[in-house]
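These notes concern the structure reproduced below.
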Amino acid sequence: MENMARADASAEMGEQYSLAKILGIWALATVPMGILSWIIFPALSPDFNSDPLGAGVTRIVLLTFGLIWLFVLSLIIVRQEEGNLRWATVKRRLWLNTPRDQKTGEARRRLWLWVIPFLIATVVWELALTSYVDGLWVSVFPSFAEPPGYSMAAVFESQEILDRLVGAWWFLALFVVQAIFNTILGEEFLFQGVLLPKMEGVFGRWSWVASGVLHGLYHVHQPWSILGNVISCVFLYAFPSWRFRSTWMGVIVHSAQSVFLAFLILGIVLGLA
């Protein structure tokens, strides 16, 4: 039974990607984000010291365009491989299904409960470990330190800017759009939906590790957090998606931080900060 389940899963994943194709898709996702962050943003952003909010908004907008490109790229790949973009096709190709039992291959709703421990692990990671790992990474590679004008945290540390954002519903809307294309339609669709199902031909049972590493290294637009992103992408996003053959597992866990930040920004817009 277990061998049959594995055979069915292999058949469903179809022809596997070569290493060259995997790296080519990774480059198509990564290079535009790097260009937007390190070439276009410095050219377009106002002086950070005089208008940090303007610089922060400019960076969010540019990176949102990059994330939208990830979504478009995912659809282009699916269209080329499958011949259509019908929902049934996209759902099957990108693993947008109910989590499946690894032994039987059957979809089981109770497996959604596995989201809970991964969400708890995400909270622990974000609150207790991320800053330490990022600090260690930057201490080893000081040239990767976050430059002035790139941190939204600095924006929120200014009471004057917080006062300017009261009633700024456009700012909340901008964040929500970015979050949707970041943790749902952009990164997760491409790395867990497009790439992960096609990587076992090269990486075998460790395809989730390779997918997570590529996902983490894709963050050239914020190199100060690459090590932390590699760790979280491997163990919190790629692993549950691979283990349960469902991209939604990675999407839900990855979106936890976005939901928290959305409520934080809502409080700012309502003048509660």
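The alpha carbon gyration tensor of the stretch 128-273 gives principal lengths a ≥ b ≥ c with a/c of 1.5 or higher and a/b no greater than b/c, which makes the shape oblate.
A simple count of charges around Pro148, restricted to other residues whose Cβ falls under 15 Å of its Cβ and scoring Lys, Arg +1 and Asp, Glu -1, yields -3.
Per residue, the chain exposes 50 Å² of solvent-accessible protein surface, assessed with a 1.4 angstrom probe and all protein chains in place. Let me know the shape class of the stretch 190-273, please: from the alpha-carbon gyration tensor, a ≥ b ≥ c as square roots of the eigenvalues, rounded when a/c is under 1.5, otherwise prolate if a/b is greater than b/c, or oblate. In terms of gyration-tensor shape, prolate. Helix-only arithmetic for the chain: the sum of -39500 (n - 2.57) across DSSP H runs with n ≥ 4, divided by the residue total, places the mean residue ellipticity at 222 nm at -18500 deg cm²/dmol. The gain in end-to-end length when the Trp112 to Val220 segment is fully stretched comes to 35.7 nm, 0.36 nm per residue minus the alpha carbon separation.
Extension gain, Leu44 to Ala173: 0.36 nm times the residue separation minus the Cα-Cα distance gives 44.3 nm. Looking at the stretch 148-255, the GluC sites (Glu not before Pro) that sit in a DSSP loop and have at most 15 other Cβ atoms within 10 Å of their own Cβ are Glu157. Tell me whether the stretch 60-149 comes out rounded, prolate or oblate; compute the Cα gyration tensor, take square roots of the eigenvalues as a ≥ b ≥ c, and use a/c under 1.5 as the rounded threshold. In terms of gyration-tensor shape, oblate. Summing charges over neighbours of Leu236, with a neighbour being any other residue whose Cβ is under 13 Å away from its Cβ, gives -2 when K and R count +1 and D and E count -1. The translational diffusion coefficient of the stretch 40-113, from Stokes-Einstein at 4 °C and 1.567 mPa s with a Kirkwood hydrodynamic radius over alpha carbon pairs, comes to 82 µm²/s.
So, in nm, how far is label Asp101 from label Trp87 when the simple model puts each one 7 Å beyond its Cα toward the Cβ? The two pseudo-label positions are separated by 2.8 nm.
Among Val234, Gly204, His219, whose Cα lies farthest out toward the positive end of the dipole of the chain, if unit charges sit on the beta carbon of Lys, Arg (+1) and Asp, Glu (-1)? Farthest along the dipole direction, towards plus: Gly204. Here the contact order of the chain, divided by its residue count and restricted to Cα pairs under 8 Å and six or more residues apart, works out to 28 percent.
The values are calculated or read from the model by the stated rules, or taken from the named source; none is laboratory data. Model, not experiment: these values are computed from the prediction. So basically every Cβ, Gly included, is an ideal-geometry build from the backbone, and we count neighbours across all protein chains shown. Surface areas here come from the heavy atoms of the whole protein model, side chains and all, with no ligands, DNA or RNA. Shrake-Rupley method; radii C 1.70, N 1.55, O 1.52, S 1.80 Å.
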